[in-house]
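Asks: Take a look at the following structure, please.
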Amino acid sequence: GSKGFPLEFPIDARSIGPHLLFGPAGASTAELGSATAVAFDKAEVLETHTRMIQMHNPCWIPADCKLFIEGKHSAFSVEPREIHVQPGETVIAKVSVCMDDTRLFSDVLHALVFEGADVSIPLSATGTGNILLCEEVRGGMLE
């Protein structure tokens, strides 16, 4: 080494935390993007319908993420609520909806990546069918 004083120089850098790529389950990593909408389209009321969302971590940094629905009393739900995604790993989250009316339901799924970004994913579903059913009709007791 040198016997002189060490060289000093300023470094101007911006730190970027981990980010996740999103898409439907089964999509290749090349098809994933920063956010994707989840549309259930028309679905029967009073039944639970699910869609799977794939989350991929292309970074060299592990990503911890919290998933939550924006609306307090939403027809939508998500599982798991917290995930840990290793570098290069892909995980699946399940988004469900159970509607109690024949109208358009919409909300936003937030993926809050620690030391990263808050990704907003729009959710939508339209209820179809009859919300008033008696036990005889529901249970198939009528001929």
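The values are calculated or read from the model by the stated rules, or taken from the named source; none is laboratory data. Small disclaimer: the values here were computed from a predicted structure and weren't measured. Backbone-built Cβ (ideal geometry, glycine too); neighbour counts: all protein chains shown. Accessible surface areas use protein heavy atoms only, side chains included; no ligands, DNA or RNA. Shrake-Rupley method; radii C 1.70, N 1.55, O 1.52, S 1.80 Å.
Asks: Give the shape of region 15-143 as rounded, prolate or oblate, defined through the alpha-carbon gyration tensor: a ≥ b ≥ c are the square roots of its eigenvalues, a/c under 1.5 means rounded, and otherwise the shape is prolate if a/b is larger than b/c and oblate if not.
Replies: Details: a/c = 2.94, a/b = 2.52, b/c = 1.17.
Taking the square roots of the gyration eigenvalues as a ≥ b ≥ c, region 15-143 is prolate.
Asks: Can you give me the accessible area per residue for the chain, using a 1.4 Å probe, in Å²?
Replies: 67 Å²
Asks: Same structure again: Applying 1/(1 + (r/R0)^6) with R0 = 41 Å to the Cβ-Cβ distance of Gln86 and Ser2, what FRET efficiency is obtained, to the nearest 0.05? It would help to have the intermediate numbers written out before the result.
Replies: Details: r = 41 Å, r/R0 = 1.00.
Calculated transfer efficiency: 0.50.
Asks: Grab the Cα-Cα distance for Glu44 and Ile131, subtract it from 0.36 nm times how many residues apart they are, and report the gain in nm with one decimal. Could the numbers behind the result be given before it?
Replies: Values: separation 87, 0.36 × 87 = 31.32 nm, distance 0.92 nm.
Length gained between Glu44 and Ile131: 30.4 nm.
Asks: May I ask what percent, to the nearest 5, of DSSP beta bridges between residues of the chain are antiparallel? Please report the intermediate quantities before stating the final value.
Replies: Details: 36 of 41 bridges.
Bridges in the chain are about 90 percent antiparallel.
Asks: Given a 1.4 Å probe and every protein chain left where it sits, what share in percent of the accessible area of the chain is carbon and sulfur?
Replies: Values: 5170 of 9590 Å².
Carbon with sulfur: 54 percent of the solvent-accessible area.
Asks: Rounded to the nearest 0.05, what FRET efficiency do Thr102 and Lys66 give with R0 = 25 Å and r taken as the Cβ-Cβ distance? Could you check?
Replies: Working: r = 32 Å, r/R0 = 1.29.
Efficiency, from the Cβ-Cβ distance: 0.20.
Asks: Can you list the lysines whose alpha carbon sits under 25 Å from that of Lys72, skipping same-chain ones fewer than 8 residues off?
Replies: The reachable lysines, counting only those whose Cα sits under 25 Å from Lys72, are Lys42, Lys94.
Asks: For a quick check of your reading of the filter: which chymotrypsin sites (Phe, Trp or Tyr not before Pro) in region 29-120 sit in a DSSP loop and have no more than 14 other Cβ atoms within 10 Å? Before the final figure, lay out each step's value.
Replies: Details: sites: Phe40, Trp60, Phe68, Phe76, Phe105, Phe114; in loops: Trp60, Phe114.
In loop regions of region 29-120 (DSSP not H, G, I, E or B), the sparsely surrounded chymotrypsin sites (Phe, Trp or Tyr not before Pro) are Trp60, Phe114.
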